[in-house]
Amino acid sequence: MDEMDAYRRLVASCPGRAANGSIDAYVASFEDDGTVDRHLRVGAIAHHLVDEARAGRRQEIEQAMAAAEEILSDGDSNARDLVRMDLFEGLQNICSHNDVAVSPDVFVLTLGPRSRAAWDDIEAEWAAAATWSGEGARITADEYVGVRDEHLRRYLQVGKRRRPDGSLLSATDLIRFHQAKHPSGGPRTGGHGSSTVFVMAFALLAVLLVLLLLLK
């Protein structure tokens, strides 16, 4: 199973996402006309599943987590990255924000064994990155609270993780932490090369978007 197959499998697991107008508007606000950004759209699936959890609906959550387990079992490295970096990291990051009010336990309870191992690995990696004192531009919690644009807030929720002390950890922090641990430039996990570039670009774009919005 390659990345496209994995993407189609995740989309098929969430038929209600097509009727979620706010998610479609979110995707349209960041996706170039005539293109399909699979990373952005899987992040949108993560948002949709959080919306489903908030509404007390579990069917599509269970379907999506079953699809994730299948992809982690049968997918190639890029397909697995789509689940790990875009779906699972997205869910964990979104749920970390106080204004979301959905516990990640809703998703943990539905994970298969491979998914739970991947989920725990991601949690551990972000926790380790949070203890590393690196340099770089960061969006503060106060700046996040000041974002009024709904689509930009969703965008930041996918790529930012709120720590218990109120600080915001970004994908950029995670990449820099990994690079400090592996100066040779080895990938975070097998086959992460292209996804790592996307994550770095995603995080830097988020910083620029917030700064531009705050300067208006």
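Can you tell me how many residues in segment 121-134 are under 13 Å from the mean Cα position of the chain (by Cα) and either without any contact (Cβ under 8 Å) to a residue 40 or more places away in the chain or in a loop (DSSP other than H, G, I, E, B) (or both)?
Number of matching residues: 2.
Restricting to segment 21-35, give me the number of residues that are closer than 23 Å to Glu52 by Cα and among the polar types (S, T, N, Q).
Residues in segment 21-35 being closer than 23 Å to Glu52 by Cα and among the polar types (S, T, N, Q): 2 in total.
Take the conditions of a type outside the set (Gly, Ala, Ser), under 19 Å from Arg38 (Cα atoms), at pLDDT 95 or above and crowded, with 18+ Cβ neighbours inside 10 Å and apply them to Leu82. Does it pass?
Numbers: of a type outside the set (Gly, Ala, Ser): yes; under 19 Å from Arg38 (Cα atoms): yes; at pLDDT 95 or above: no; crowded, with 18+ Cβ neighbours inside 10 Å: yes.
Considered against the rule, which asks whether it is of a type outside the set (Gly, Ala, Ser), under 19 Å from Arg38 (Cα atoms), at pLDDT 95 or above and crowded, with 18+ Cβ neighbours inside 10 Å, Leu82 comes out as no.
Would you mind finding the one in Ser103, Ser96, Ser13 that is at pLDDT 90 or above, within 19 Å of Asp120 (Cβ to Cβ) and not charged (D, E, K, R)? Before you say what the answer is, go through the steps one by one.
Numbers: Ser96 fails: at pLDDT 90 or above; Ser13 fails: within 19 Å of Asp120 (Cβ to Cβ).
After ruling out the rest, the residue left standing is Ser103.
Please indicate, with yes or no, whether at least one residue in segment 33-42 is under 13 Å from Gly90 (Cβ atoms), in a helix (DSSP H, G or I) and modelled with pLDDT of 95 or more. It would help to see each step written out before you state the result.
Of the residues in segment 33-42, the ones under 13 Å from Gly90 (Cβ atoms) are 38-42.
Narrowing the set further to residues that are in a helix (DSSP H, G or I) leaves 38-42.
Next, from what is left, pick out any that are modelled with pLDDT of 95 or more: none.
Within segment 33-42, none of the residues are under 13 Å from Gly90 (Cβ atoms), in a helix (DSSP H, G or I) and modelled with pLDDT of 95 or more.
Does Val102 meet the test of being within 12 Å of Met1 (Cβ to Cβ) and among the aliphatic types (A, V, I, L, M)? Lay out the reasoning, then the answer.
On the way: within 12 Å of Met1 (Cβ to Cβ): no; among the aliphatic types (A, V, I, L, M): yes.
So Val102 does not fit the description; no.
Having 1 or more residues that are under 25 Å from Ala19 (Cα atoms), touching a residue at least 24 places away in the same chain (Cβ under 8 Å) and in contact with a Gly (Cβ under 6 Å, 6 or more places away or on another chain) is the bar; report the helices (runs of 4 or more DSSP H) wholly within segment 51-120 that clear it. Walk me through it before giving the result.
Numbers: elements: 59-74, 77-81, 89-95, 105-108.
Here the list reads 59-74, 89-95.
Report the residue count in segment 1-32 for those that are assigned to a helix (DSSP H, G or I) and touching a Gly at 6+ places or on another chain (Cβ under 7 Å). Give the steps one after another, and end with the answer.
At the first step, the residues of segment 1-32 found to be assigned to a helix (DSSP H, G or I) are 3-13, 15-19, 21-30.
Going one step further and asking which of them are touching a Gly at 6+ places or on another chain (Cβ under 7 Å), we end up with 6.
Here the count works out to 1.
In segment 1-22, which residue that is free of Cβ contacts under 8 Å to residues at least 60 places away in the same chain and surrounded by 12 or more Cβ atoms within 10 Å (Cβ to Cβ) is nearest to Ser77 (Cα to Cα)?
Let us first name the residues in segment 1-22 that are free of Cβ contacts under 8 Å to residues at least 60 places away in the same chain, namely 4, 8, 11-21.
Filter once more, so that each one left must be surrounded by 12 or more Cβ atoms within 10 Å (Cβ to Cβ): 4, 8, 11, 13-14, 16-17, 20.
On the way: Met4: 12, Arg8: 16, Val11: 19, Ser13: 20, Cys14: 23, Gly16: 28, Arg17: 26, Asn20: 30 Å.
This residue is Met4.
The values are calculated or read from the model by the stated rules, or taken from the named source; none is laboratory data. Just so you know, these numbers come straight off a predicted model, no measurement behind them. With ideal geometry, Cβ positions are generated from the backbone for all residues, glycine too; neighbour counts draw on all protein chains shown.
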